[in-house]
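These notes are about the structure you will find just below.
Rule-based calculations on the coordinates, nothing more; no lab input. This is a predicted model, so every value here is computed, not measured. Every residue, glycine among them, receives a Cβ derived from its backbone with ideal geometry; neighbour counts consider all protein chains shown.
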Amino acid sequence: MQLDFSRLTALEAYRWLASTVTPRPIAWVSTRSRDGIDNLAPFSFFQVISDEPPTLMVNVGNRADGSLKDTLCNAQDMGELVIQLVSMAQAEAMNATAANLPHLQSEFAHCGIASQPSQRVAPPRVAGAPIAFECRVAEVQPYPRQAPNCHLIFAEVLLAHVDDTVLDADGRIDPLKLDLVGRLGGTAYTRTCEVFRMQRPG
Ligand SMILES: Cc1cc2nc3c(=O)[nH]c(=O)nc-3n(C[C@H](O)[C@H](O)[C@H](O)COP(=O)(O)O)c2cc1C
């Protein structure tokens, strides 16, 4: 079977890409609006894209009506965000925060998610998240430039919070303890609870 992407609708292209490029880590992004309202939403078009400077990238698509999502507006306005990784224990809470709430309503309050103050940035972090990266917005790129239907947020990591309970005896991440959720296609998810190891060729 072959797929000619020039013949697919945008929705079909999204479905094929989202169900093949898997598993995707999920960025659970907290931002604060100009009015001081704290926003929280998940994004799986997400990756680490540089270690020097330490930079993560989140792709925020436009809403179906072409309007911009709160996460993008807040990140652009305030220049700060916190990116949490999602453990199995918080999967349902993460999913609840994908609800399309009015701009003035906070997902933290609406979904009953506890927050903790951040140290370097104004948006709070999610209490109980195994990993939280406090970030400054390094760059926002509309894509494609001519007729953007998404924006890439390049987020430089300033400070990371790592829950001590996900560390092994040597102080490194134990992937089984981290137990992160990854996005597959549609409503399917996976967990980082199966690990195998390989040595690289010399
Ligand atoms: C697991 C998951 C992954 C998602 N990934 C993305 C994504 O990569 N890009 C995007 O624009 N929306 C994504 N969404 C949808 C947003 O979370 C949703 O549009 C949300 O309402 C945006 O909130 P905001 O307007 O407060 O920023 C995802 C939703 C879920 C549940």
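Once phi is turned into ³J(HN,Hα) by the Karplus curve 6.51 cos²θ - 1.76 cosθ + 1.60 with θ = phi - 60°, what whole-Hz value does each residue of the range 12-23 show in order, with x for glycine and proline?
5, 4, 4, 5, 5, 5, 5, 9, 10, 7, 9, x
So the label point goes 7 Å from the Cα of ALA147 along Cα→C-beta, right? Which residues of the range 1-16 then have their backbone N under 15 Å from it?
6-11
Within the chain, what's the longest stretch lacking trypsin sites (Lys or Arg not before Pro) that sit in DSSP loops with no more than 14 other Cβ atoms inside 10 Å?
64-119
With a 10 Å Cβ neighbour count serving as the proxy for reagent exposure, in which order, fewest first, do LEU178, LEU104, LEU17 appear?
By the 10 Å Cβ count, ascending: LEU104, LEU17, LEU178.
If we count other beta carbons within 10 Å of each Cβ, what is the order of MET94, MET1, MET198, MET78, fewest first?
By the 10 Å Cβ count, ascending: MET1, MET198, MET78, MET94.
Once you have the Cα-Cα distance between VAL162 and ASP174, take 0.36 nm times their residue separation minus that, and quote the gain in nm to one decimal. Walk me through the numbers before you get to the answer.
Details: separation 12, 0.36 × 12 = 4.32 nm, distance 1.16 nm.
Value of the extension gain: 3.2 nm.
Run the helix sum for the chain: -39,500 (n - 2.57) per DSSP H stretch of 4+ residues, divided by residue count, reported at 222 nm to the nearest 500 deg cm²/dmol.
-4000 deg cm²/dmol
Could you run the Karplus curve 6.51 cos²θ - 1.76 cosθ + 1.60 with θ = phi - 60° over the range 91-105 and give me ³J(HN,Hα) per residue in whole Hz, x for Gly and Pro?
4, 5, 5, 4, 4, 4, 7, 7, 4, 8, 8, x, 3, 7, 9
List ILE131, ILE49 from most exposed to least, where exposure is judged by having the fewest other Cβ atoms within 10 Å.
Placing the least packed residue first, the sequence is ILE49, ILE131.
If each of LEU17 and ALA109 carries a label point 7 Å out from its Cα toward its Cβ, how far apart are those two points in nm?
A separation of 3.5 nm, rounded to one decimal place.
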